[in-house]
Structures are given as C-alpha cells and as structure tokens.
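For reference, the structure discussed in these notes is given below.
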Amino acid sequence: MTVPHQQAYGHRPAPPPPPRPTIYQVPTPRDSGGMVALRVVAYVLTSLASLLFIVLVIYGYVQYQQARTALQDALSGLQSPSVAVPQFPSQPGG
C-alpha cells in the first residue's frame, strides 16, 4: 500500500550527506628554552613561598603560646583585687 503523494512523485533517493567542514591544523608555538626555565623558576619560587608561609604561621603560633604561658605564670603570683573596703589601723591618740 502506498500513500498518494508517493505515487505521484515516485521513490526518491536520500539526499547526500552535507560536506564535512575542512579541519585546519593550526601550528602551536613551541616554548623557547628561556620560557621553560622561567616557568621552572616561577614554580620553585612559588613552592618555596608557600612553605615559608606555613613555617611562619607555625612559628607565630608557638611564639604566641609561649608568651601566653609566660604572662599567665607572671600574673598567677599576683593577688586578685578585692572589692571589700580596706581596713586601716586605728590611729593612736585619737
């Protein structure tokens, strides 16, 4: 069984696929030796700066803890202030 419009036009072959776009290879520039050396130096300096930051943070924390402990030890010997009225000795002859 055929559909009326197929009878009128007959069987048509499938259209050809659209042409594929041409792919152009763009040459990628190569890094010179100086650029590679600069990249390595930048990487090493960045890594050293990160390690130095971590060391300084740890050193600062240790110094803070030592100062805090020393301050607590120095203040623990002092008497805490009292809110009571001080008692003065009575004056003689009075």
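The values are calculated or read from the model by the stated rules, or taken from the named source; none is laboratory data. A quick note: this is a predicted structure, and the numbers were derived from the prediction, not measured. When we count neighbours, we look across all protein chains shown, and the Cβ atoms used for this are built from the backbone with ideal geometry, even at glycine.
Those residues that are acidic (Asp, Glu) and surrounded by 10 or more Cβ atoms within 10 Å (Cβ to Cβ), I need them from region 46-75; list them, please. Spell out the reasoning first.
The initial filter retains those residues of region 46-75 that are acidic (Asp, Glu), namely 73.
Of everything in region 46-75, nothing turns out to be acidic (Asp, Glu) and surrounded by 10 or more Cβ atoms within 10 Å (Cβ to Cβ).
Can you report the number of residues in region 1-57 which are modelled with pLDDT of 80 or more and in a helix (DSSP H, G or I)?
25
List pairs: first residue in region 27-56 and free of Cβ contacts under 8 Å to residues at least 24 places away in the same chain, second residue outside any helix (DSSP H, G or I) and not hydroxyl-bearing (Ser, Thr, Tyr) anywhere in the structure, Cβ distance under 8 angstrom, at least six positions apart or on different chains.
Partner pairs satisfying both residue conditions: 39/31.
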